[in-house]
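Notes follow once the structure below has been shown.
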Amino acid sequence: ALPLLIDTDTGSDDAVALLLAVAGDAGDVRAVTTVAGNVPLATATRNALITLELAGGAAIPVHPGCDRPLIRPPSTAQHVHGQDGMGDVGLPGPARGPADGHAVDVLLALSRRHPGELTLVTLGPLTNVAAALFRDRELLTRFRHVYCMAGAADLCGNVSPTAEFNVWADPEAARAVLRAATADRVTWIGWDVSRRDAVMTPGDQRRLEGLGTPMAVFAHRINRAVADWARDVTGLAGYDLPDPVAMAVALWPELVVEREPAHVDVALGDETRGQLVIDRRRAAPPPNVTLVRRVDEPGFKRLLFDVCARTPTA
Ligand code: BDR
Ligand code: CA
């Protein structure tokens, strides 16, 4: 199984991504680091702990990290994922607390202890990764691969007309990561992918709930607030699953049906904040990321239902 480090601002779709990584057979999660984003840091940490317990990962350490973006004031997405980030369905708290060690120290330490072995998957704003990069410019080269749920390569945004939340929330951090990235090692999976290929239609939602296992019912319940938001705001045929898609691409790369190596930067100006700037000119600098553009939708959903149908022990 793939040794993984997961950085997350755990809200309802991050939680489903954690289920895939922990309860599926493809991942071996060594540590989870949390960051402010969807919800404040302490809430993200609580949600990660609750989810790991349910998925059979109660021994996986959870390390809290940065509680605000590098420069910008914090802004959450609680109007999307609920005040608690998990649809406000009254989940009981976790049985344990977070582990010692700040997320940034843990990213640095684990990447150095296991050079070239760990795959890093980021599901939130890139604050922790950027802060670690400022202390070690070679950080990204110490991972086997880095997958980031970040941006919207088709410029269809979910926070602004053109920007996706994770990049918009901390655009300076995203820029720092992009400027240290190389396309052979860093893969970006944007919101455009999930809104095209990972929309949970009402039929999918009924199917998930109907599986009846604790993980399937959990995944269904915590995403009901997002379903309401999606119906009222996005114009999609259901709610989408950005973080689970990014996780699935890391765990099952054969799901990718279209990719584009590209040179990507981030706009920082007021009107364009968080928008990806993709240079497709002939004289563009060398690609710094591989953008995933399409995934196999039936394949993704099959894996999602398969994992959620399980009942992990311990
Ligand atoms: C991203 O922002 C959050 O709302 C989701 O968890 C995902 O990481 C989508 O834009
Ligand atoms: Ca997230």
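Just so it is clear, none of the values below were taken in a lab; they were calculated from the coordinates. Note that the structure is predicted; figures quoted are calculated from it, not measured. For neighbour counting, all protein chains shown are included, and Cβ atoms are generated from backbone atoms with ideal geometry for every residue, glycine included.
Here is how the number arises for the chain: DSSP H runs of 4 or more residues each give -39500 (n - 2.57), the sum is divided by the residue count, and the result at 222 nm is -11000 deg cm²/dmol.
The ratio of the alpha-carbon radius of gyration of the chain to the globular-protein estimate 2.2 N^0.38 Å is 0.90. Using only side-chain charges placed at the Cβ, +1 for Lys and Arg and -1 for Asp and Glu, the dipole size of the chain relative to its Cα centre rounds to 400 debye.
Does the range 218-283 come out rounded, prolate or oblate by the C-alpha gyration tensor, with a ≥ b ≥ c the root eigenvalues, rounded set by a/c under 1.5 and, if not, prolate when a/b is larger than b/c and oblate if not? Oblate, since a/c reaches 1.5 and b/c is not below a/b. Taking only the alpha carbons of the range 102-190, we obtain Rg and Dmax values of 12.9, 42 Å in that order. Scanning residues 5 or more positions from Thr8 or on other chains, those with amide H under 5 Å from its amide H are Thr33, Thr34, Val35, Leu123, with H placed 1.01 Å from N in the peptide plane. Between the alpha-carbon centres of the range 49-89 and the range 123-143 there is a gap of 19 Å. Peptides 125-138, 187-200 ranked from most to least packed, by the mean per-residue count of other Cβ atoms within 10 Å: 187-200, 125-138. Summarising the amide proton neighbourhood of His263: residues at separation of 5 or more, or on other chains, whose placed amide H is nearer than 5 Å comprise Asp279, Asn288. For Arg294, the residues whose amide H sits under 5 Å from its own are Val257, Glu258, ignoring neighbours fewer than 5 places away on the same chain, with H placed 1.01 Å from N.
Between the alpha-carbon centers of the range 231-288 and the range 2-43, tell me the distance in whole angstrom. So the two Cα centres are separated by 19 Å. This model, with +1 at the C-beta of Lys and Arg and -1 at the C-beta of Asp and Glu, gives the range 1-158 a dipole about its Cα centre of some 460 debye. Report the residues of the range 178-204 in range of a label on Thr141: point 7 Å along Cα→C-beta, backbone N strictly under 17 Å from it. From the range 178-204, the list is 178-186.
A simple spin-label model places pseudo-atoms 7 Å from Cα toward Cβ; at Glu254 and His114 they are separated by 2.4 nm.
With 0.36 nm allotted per residue and the present C-alpha distance subtracted, the Asp28-Arg231 stretch has 69.6 nm of extension available. Semi-axes of the equivalent ellipsoid of the range 1-119 are 22, 18, 12 Å, computed as sqrt(5λ) over the eigenvalues of the C-alpha gyration tensor in descending order. Sequentially through the range 251-265, phi angles give Karplus couplings (6.51, -1.76, 1.60; θ = phi - 60°) of 7, 10, x, 5, 6, 6, 10, 8, 9, 9, x, 8, 8, 10, 10 Hz, Gly and Pro residues having no value and appearing as x. Our summary gives the chain a relative contact order of 20 percent, counting only alpha carbon pairs under 8 angstrom and 6 or more residues apart.
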